[in-house]
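The values are calculated or read from the model by the stated rules, or taken from the named source; none is laboratory data. Because the structure is a prediction, the values reported are computed rather than measured. Don't worry about glycine lacking a Cβ; one is built from the backbone with ideal geometry, like all the others, and counts go over all protein chains shown. Remember, those area values only see protein heavy atoms, side chains included, never the ligands or the DNA or RNA. Shrake-Rupley method; radii C 1.70, N 1.55, O 1.52, S 1.80 Å.
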Amino acid sequence: METELFIGGKWVPASSGNRFDVLDPATGDVIATVADGGESDAVAAVDAAAAAGPAWAATPPRVRGETLRKAWELMTERAGELAKLISLENGKALVDAKGEVTYAAEFFRWFAEEAVRGEGQFATAPSGANRILVTRQPVGVCVLVTPWNFPAAMATRKIGPALAAGCTVVLKPASDTPLTALAMAAILAEAGVPEGVVNVLPSRSSGKVVSRMLHDSRVRKLSFTGSTEVGRILLAQAADNVVNTSMELGGNAPFVVFGDADLDAAIEGAMIAKMRNGGEACTAANRFYVEASVASEFASRLAARMSALRVGPGTAEDTQVGPLVNEDTVAKVDELVRGALDAGAKAETGGSRPEGPGFYYPPTVLTGVAPDSPILREEIFGPVAPIVTFTSEDEAVRLANDTEYGLVAYVYTTDLARGLRISEAIEAGMVGLNRGLVSDPAAPFGGVKQSGIGREGGHEGLLEYLESKYIAVSW
Ligand code: NAP
């Protein structure tokens with residue numbers, strides 16, 4: 001297990017000598033102590049990334065792509081051990097961790113293929129006076145900041161396109177889950193990524209370290225995945241040096257079920273949209289809007305499925321729902337549920353926090369949730385499904401859009417015309433139409449409103465790391 005900083009291709013301790021603990025969410029026990037990067041380490045990481053930049057940008061796209069493909073192969077070979085590591089530090093069930101490793105590795109394979117597709121453009125100016133030549137160049141040194149909920153996939157979704165485009169990076173992983181990020185660095189080095197192209201800087205002083213890098217004029221790009229709250233702070237900091245940003249922020253996904261929906265499919269989809277990663281996903285269904293005619297059947301069937309899930313340590317083979325990542329997260333879920341219950345909601349299953357140890361919360365279904373309940377406004381980030389009923393299409397759209405977020409929405413109906421109409425009307429960057437899972441490395445992932453700016457994955461994911469250069473040519 002790697003526990004040092006990874007700078008310029010070397011494993012180094014923090015210059016301060018400081019270290020911090022990483023905990024097992026199933027017990028609260030310390031599983032590792034990791035080097036705690038500070039501001040001078042951040043400068044060293046940017047030095048390394050800046051020094052490696054020109055040679056990596058000049059490396060043929062095919063070679064960059066083959067290197068990423070090798071990283072995909074190594075991740076795939078080591079899927080079992082990587083999944084255990086994710087489960088150990090994040091708490092998620094092994095089955096979810098295995099799913100994450102496959103998803104994460106696919107970003108390397110996808111961007112290995114995209115590395116050779118940084119096409120430009122050529123045209124004759126409308127005046128006929130000159131030609132318009134547009135070429136794409138790497139943005140430069142990128143700072144990547146990732147959350148704890150998908151410690152591998154959020155890293156590869158950024159490192160893959162950055163390296164494909166010819167950029168060099170400093171990754172600052174979440175301090176709850178730095179071990180997976182360090183394991184990814186080791187894999188990339190083994191795949192042949194040159195020294196300094198990828199640097200990984202775990203830190204307990206995220207605010208200072210990231211700010212230091214964003215105010216270094218050599219840093220030209222910030223790609224952030226995390227909460228909208230921290231995203232706002234970083235957008236303000238990025239403004240100082242006019243740093244290019246991609247922001248993948250919080251979500252508050254509505255899951256809309258019409259009376260004509262295939263209820264079997266809707267329940268299956270609800271289980272995936274709600275329970276993938278134990279509910280700790282930005283794409284997690286946060287609010288269930290169900291047409292009144294099918295609401296009680298939907299609620300009782302969902303409650304039956306949720307109560308049958310096996311809760312336990314993520315690392316145990318038969319666990320379906322692991323503990324939440326830390327005390328703050330489980331305390332917030334508990335507070336939101338208690339608020340909803342106090343305002344008149346009913347727990348069809350779950351609804352109260354068990355005794356410790358560990359950061360567990362039971363799968364919970366709530367009905368009769370008051371429309372102004374905070375649980376419908378805030379990201380729950382846990383295994384809780386609040387259900388609200390509606391009676392018309394217009395009401396469903398109004399409720400779904402009644403949020404500052406706009407990451408993803410789910411819609412279930414067997415009327416395709418209605419499904420597409422609602423998909424267009426809902427303010428979200430992504431819609432799952434009769435599907436509870438949208439994430440795909442080949443598709444543009446991202447949100448509108450306060451869920452973010454920019455897209456990751458697909459071809460658009462590559463463009464986030466390229467600048468267009470226009471050359472006006474006369475001959
Ligand atoms: P977070 O608190 O915003 O933290 C995200 C990252 O930012 C971590 O690496 C964190 O480091 C760092 N950070 C915290 N405060 C900072 C500051 N002042 N300056 C610079 N960096 C700072 O989010 P989280 O709790 O880890 O993750 C959950 C959130 O991520 C949810 O809102 C979820 O919706 C969102 N998310 C969005 C997507 C998406 O694609 N849209 C995907 C996954 C997750 P520390 O760990 O050291 O605090």
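Structure above, values below:
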read-out	value
Residue-by-residue Karplus 3J(HN,Hα) for the stretch 398-408, coefficients 6.51, -1.76, 1.60, Hz, glycine and proline x	4, 5, 4, 8, 7, 7, 7, 8, x, 8, 9
Non-local Lys pairs in the chain, i.e. 8 or more apart or on different chains, that have alpha carbons under 13 Å apart	5
Ranking by accessible area, most exposed first, for I471, I187, I132 with a 1.4 Å probe	I471, I132, I187
Accessible surface, per residue, of the stretch 144-275 when the full set of protein chains is kept, probe 1.4 Å, Å²	25
DSSP-loop trypsin sites (Lys or Arg not before Pro) across the stretch 302-366, with at most 16 other Cβ within 10 angstrom	R310
Dipole magnitude of the chain about its Cα centre (Cβ charges: Lys, Arg +1; Asp, Glu -1), debye to nearest 20	1220
Accessible surface, 1.4 Å probe, highest first, among residues Y470, Y103	Y470, Y103
Tensor-based shape of the stretch 183-321 (alpha-carbon gyration tensor, a/c under 1.5 rounded, otherwise prolate or oblate)	prolate
Cα gyration tensor category, rounded, prolate or oblate, for the stretch 1-95 with a/c compared to 1.5	oblate
Accessible area, probe 1.4 Å, largest first, for residues T27, T146	T27, T146
Calculated log₁₀ intensity ratio I(q)/I(0) where the Debye formula runs over C-alpha points of the chain, q = 0.07, 0.09 Å⁻¹	-0.37, -0.60
Solvent-accessible area, 1.4 Å probe, carbon plus sulfur percent, for the stretch 360-475	53
Nearest 10 degrees, 0 to 90: helix 327-342 Cα axis against the chain principal axis	30
Overall form of the stretch 339-400 per C-alpha gyration tensor (a/c, 1.5; a/b vs b/c)	prolate
Inverse mean reciprocal Cα-Cα distance (Kirkwood Rh) of the stretch 43-163, Å	16.5
Per-peptide average of other Cβ atoms within 10 Å, ordering 459-465, 291-297, 279-285 highest first	279-285, 459-465, 291-297
In order through the stretch 38-44: 3J(HN,Hα) via Karplus (6.51 cos²θ - 1.76 cosθ + 1.60), integer Hz, x for Gly, Pro	x, 5, 5, 5, 5, 5, 4
Cleavage-rule hits, GluC sites (Glu not before Pro), the stretch 165-233, DSSP coil, Cβ neighbours within 10 Å at most 13	none
Restricting the stretch 349-384 to GluC sites (Glu not before Pro) in coil, as DSSP defines it, with at most 16 other Cβ within 10 Å	E355
Kirkwood Rh and Cα Rg combined as Rg over Rh, evaluated for the stretch 380-459	0.97
Approximate shape of the stretch 277-431 as ellipsoid semi-axes (Cα gyration tensor, √5λ), whole Å, largest first	27, 16, 15
Degrees separating the helix 228-240 axis from the principal Cα axis of the chain, which is the longest one	20
Cβ-defined net charge surrounding V290, 14 Å radius [Lys, Arg +1; Asp, Glu -1]	-4
Separation between Cα centres of the stretch 396-435 and the stretch 157-181, rounded to whole Å	31
